[in-house]
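First up is the structure itself, then whatever we jot down about it.
The values are calculated or read from the model by the stated rules, or taken from the named source; none is laboratory data. Worth saying up front: this structure is predicted, and the values here are computed from it rather than measured. Cβ sites come from the backbone with ideal geometry, for glycine too, and all protein chains shown count toward neighbours.
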Amino acid sequence: MAKGYSRRSALKRIAAAGAGFVALGSGYLLLRRRLGGGSPLPGAGGLEEFSPVDRTLGELASERFHGDDVERAHSVFWHLSEEEASPDEEVPVVVVGGGMSGLATAYLLRDLNPVVLEQAPRFGGNSRAQSWRGLNYSIGAAYLVLPDPGSELESFYREIGIDRIWRAADEASSTALLDSGQLKDVWHKFPGGRDVARARDLLREHFIDVLKGRNGQEYPEVPVPAGLGPEQRARLESLDGLSFEAHLREVLGGPIPPAVRRVIEQYCWSSFGASMSELSAMAGLNFYAGEFSGIAACPGGNAKVAEALVEHLHRDLPPGSLRPGCAATRVSLELGGGARVTYLTPAGTLRAIRAQRVVMACPKFVAARILKGLDPDRDQAFRSLEYRAFYVANALLDGKLPSPSGAPGAAETAFYEMFLMKGPPPAEGLGTAEASRAQGATDVISANFAQEHPEATVLTLYQSLPYTGGRPEALTADLSAVRARLERQLRAEVLPSVEMGSSRIVDLRVARWGHPLPVAKPGYLGSGLYDRLRAPFGGRIYFVEQDNWCLPAIETALGEALHWAPLIRESLKS
């Protein structure tokens, strides 16, 4: 049985001893060959120029949105022409997209010398980071769920060296900021009356039962394992057919108290960019129950995983294989076999590659625009997905976090994440857009948790736009207005809670992400949408991305790479 991967675990598979994840030898080494002359290959510069971690910004950064380069991406993807270039090289594999999925797939197929095209100047997708005074901090995805011992995902992390640098965050590492101050471990000690305490305890036990598969509960593995029996599949489809909110109401046997609703709703905003009423129960439980298994943070967040992959690829692949600033504009099947990938170089010229296999590791709305010859059903499936946006504000603070206990030397590792719940819950009946705007940032992460620093602190504020219309709102937003709102919340709520004054602020850097969060709506599994999103096209073009399952998590991205890379390799052998 093929087994799945999830935030709880990557189910165990046997890896060939001593071979890692790459099958070398057997006369199966395919080399890149140039089909003519031409200009030097893009991406031939040093690793520091395109690493997912930007260490070039200095003490003060220019006032601009970091994150997505909206202007260039839109100038490329919204004004596409039918123009193609003649291929000037031939390769076994081209990967379109240098985010986590694309980098992991290229790594798993690195003996085939793949070419990786990334439209942004730096690799990593939204797993990117910056550095200040030597302290790395995330500007996007920040953490991973600790994998099960012996799982393939754990082996993957160990092979690229990530297990040596992460720091595990347990319940004591998270805190909720309420009117009364910081309150640790919200699911044990959340205040309120008898109804609130009952709901809190029932839901906490339910999430743990789901995680551990006890009391008749099963953890919803996503990606869904192949070969499920009819009864298991029916249970999963039934769970996916419900909203997360409806499922929790069933568990409680009635309404969710406002205080408890706020805890879960703000988590859903932050993690999914969606309300619990929009999400399938399968997706909601996969994430929320997975949180009880333990998480880990690297210096700079998930950008350190992306950077480790880039370092391996930069070392192992021929020069010019990693091509930042190169946006694929057209992908088409070739009549004689293989496929052609036309792309725009950083200099603005069109070039093309002939590949035996193409990996589309880009969002489906991009794939729908650049992939030619899609059948109507698949095209409709791609365009049916909804994506949500979010802001990340990094507050660069002079000095160390003071120790909450007053004990010397304990300071900057006091907490990993702080959930911002100061003030009353949103009024009943208030729409998600209005409630989320009133809330602002929902949580704060301390970069110092994973990387201690003697004289600098970075606190990372996350604010999603968890409603339809949030993406265009973010893409047309005024930086000064967004920054001012987040800075007010930083000064009024966050800094007083960690006993730091506003005079400590050296810089506030805001990143904007337009489409990192695909919404996992109810009914996608039963309707076969996930199957249509994932199925290879023409036997030569593969789709490897987190939106295959509409779950915005590093585990989804890596799980899809681990699933599809061996199948791509087998297809090349035949």
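Some values worked out for this structure:
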item	result
The lone exception for PRO518 - which of (1) surrounded by 19 or more Cβ atoms within 10 Å (Cβ to Cβ); (2) more than 28 Å from SER243 (Cβ to Cβ) it fails	(2)
Answer from PRO404, PRO454 - the residue that is assigned to a loop (DSSP other than H, G, I, E, B), at pLDDT below 90 and either in the same structural domain as VAL263 (by TED's automatic domain parsing) or surrounded by fewer than 22 Cβ atoms within 10 Å (Cβ to Cβ) (or both)	PRO404
Residue that is farthest from the chain's Cα centre (by Cα) [pool: residues in region 352-368 that are buried (at least 21 other Cβ atoms within 10 Å of the Cβ) and of a type outside the set (A, V, I, L, M, F, W, C)]	ARG357
Pairs where the first residue, in region 234-257, is over 14 Å from LEU285 (Cβ atoms) and the second is among the charged types (D, E, K, R), C-beta under 7 Å, 6+ apart	PRO255/ARG249; ILE256/ARG249; PRO257/ASP195
Residues (in a helix (DSSP H, G or I), closer than 18 Å to VAL145 by Cβ and either in contact with a Pro (Cβ under 7 Å, 6 or more places away or on another chain) or β-branched (Val, Ile, Thr) (or both)) located in region 542-559	GLN546, ILE554, THR556, GLY559
Residue in region 374-398 that is surrounded by the fewest Cβ atoms within 10 Å (Cβ to Cβ), counting only those that are at pLDDT 95 or above and in a loop (DSSP other than H, G, I, E, B)	GLU386
Cross-chain or 6+ apart pairs with Cβ under 8 Å, region 481-492 first and over 13 Å from ASP507 (Cβ atoms) and modelled with pLDDT of 95 or more, then part of a helix (DSSP H, G or I) and not hydrophobic (A, V, I, L, M, F, W, C)	ARG491/SER502
Residue in region 507-515 that is part of a loop (DSSP other than H, G, I, E, B) and buried (at least 16 other Cβ atoms within 10 Å of the Cβ) present	no
Wholly within region 45-162, strands (runs of 3 or more DSSP E) carrying at least 1 residues that are over 20 Å from LEU396 (Cβ atoms)	89-96, 115-118, 143-145
Filter result for the condition that a residue is within 28 Å of ALA557 (Cα to Cα), modelled with pLDDT of 85 or more and assigned by TED's automatic domain parsing to the domain that holds ARG249, over LEU228, LEU202	LEU228
